[in-house]
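FYI, it's all coordinate maths here, none of it is from the lab. Quick caveat, the model's predicted, so the values are computed rather than measured. Ideal geometry is used to build each Cβ from the backbone, glycine not excepted, and the neighbour counts take in all protein chains shown.
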Amino acid sequence: MTKKKLIDRTVKTLEKLPEDKVHEVADYADFVFKKYEEKILQKGLEALASQSKSFEFLQDEEELYDENDLIEKY
């Protein structure tokens, strides 16, 4: 089923519901949209952070310690 058909079917169903139930559906739709929006923003932030060169200097840092420096090994 296409998005347009789903929207039309949902609108027809909403027209049959009492006003308080329409408010519930509207609140739920807002909730779902906000979750979707947060997911998109999170992915965008992850992409920006992964492309950033802010922490590139850490790759060139020499190893100060290795396993021989451990007193106890678990």
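Some values worked out for this structure:
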quantity: Degrees, to the nearest 10: 19-51 long Cα axis against longest axis of the chain; calculated: 30
quantity: In the chain, GluC sites (Glu not before Pro) in a DSSP loop with at most 14 other beta-carbon atoms within 10 Å; calculated: Glu61, Glu62, Glu63, Glu72
quantity: Loop-resident sites, region 24-64, for trypsin sites (Lys or Arg not before Pro), counting at most 11 other Cβ within 10 Å (DSSP); calculated: Lys53
quantity: Extension gain, Ile71 back to Lys43 (0.36 nm per residue minus Cα-Cα distance, nm); calculated: 5.9 nm
quantity: Formal net charge of residues neighbouring Glu38 (Cβ-Cβ distance under 13 Å; K, R +1; D, E -1); calculated: +1
quantity: Nearest-ten-degree value, helix 3-16 long axis tilted from longest Cα axis of the chain; calculated: 50
quantity: Which labelled figure in [x] 2.30; [y] 1.29; [z] 1.68 is Cα Rg over 2.2 N^0.38 Å, once derived from the coordinates; calculated: [x]
quantity: Computed lengthening from Asp8 to Tyr28, 0.36 nm per intervening residue step minus Cα-Cα distance; calculated: 5.4 nm
